[in-house]
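Presented below is the structure to which this report refers.
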Amino acid sequence: MPAQPLAAVLLAAGAASRFGSPKQLAEIDGVAMVRRAAQAILACRAELVVVTGAHADEVAGALRGLPVRLAHNPFWELGMGESIARGFRELLRQLAPPAAGLLCLVDQPLVGTEQLQRLIRQHLATPRRIVVSDHGETVGPPCLFPAEFYAELTRLSGARGARSVLERHRDEVVTVELPEAALDVDRPEDHIRVLGALLRPS
């Protein structure tokens, strides 16, 4: 069975304590952020695994009707590494694991289909490289990993996320300018800034 060319793991497991309520459900144009992120990924023709943790039932409800797989992380409180590992374990369970996997966050609402397509185009040009977003002052998610890195991602734990994988394979990383990824939603004022940015004419 041939591998599905592209999959994605969307992290939506956090408690959003600094936000004060489930930020996965915070709305932009009447659409919950988790649903908005899922729709952007699905528009790239990627199969999608959404990792849930805190607020799992509410997140599942916000995704109702979309062709996504939910993977619950019972250890979400231990940090992002646990959720990444849970999502990529789900991809490795498949008979033919996808050839490449996007790693996306629910709280980067300026990252849409157009931005993800930039990473995908780079992946098609350099299929053996890890593709990482250049936020301007730093690099980070969304990222795209060839399947050979899945096993390493499944061994992550704690709060550090995928940065340790990127550091170990520094020579195999290529970056794509994605300034939209620099704005993430941690607090209510971030949500207000996102709404303002989306209202401004491009």
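The values are calculated or read from the model by the stated rules, or taken from the named source; none is laboratory data. Just so it is clear, the structure is predicted and the values come from calculations on it, not from any experiment. All Cβ positions, glycine included, derive from the backbone under ideal geometry; neighbour counts span all protein chains shown. For accessibility, only protein heavy atoms count, side chains too; no ligands or nucleic acids. Shrake-Rupley method; radii C 1.70, N 1.55, O 1.52, S 1.80 Å.
Ordered from largest to smallest accessible area (heavy atoms of protein chains, 1.4 Å probe), the residues F19, F145, F75 come out as F75, F19, F145. Extending 7 Å from the Cα toward the beta-carbon at both S164 and A96 defines two label points whose distance is 3.3 nm. The R128 and R45 beta-carbon pair, evaluated with R₀ = 22 Å, returns a calculated FRET efficiency of approximately 0.55.
Label sites at D171 and L70, each approximated as a point 7 angstrom past Cα along Cα to Cβ, lie 4.5 nm apart.
Our summary gives segment 24-167 a relative contact order of 27 percent, counting only alpha carbon pairs under 8 angstrom and 6 or more residues apart. Modelled label positions at D186 and R18, each set 7 Å beyond Cα in the direction of Cβ, lie 0.2 nm from each other. The largest accessible area among T126, T138 belongs to the first residue in T138, T126, and the rest follow in falling order (1.4 Å probe, all chains).
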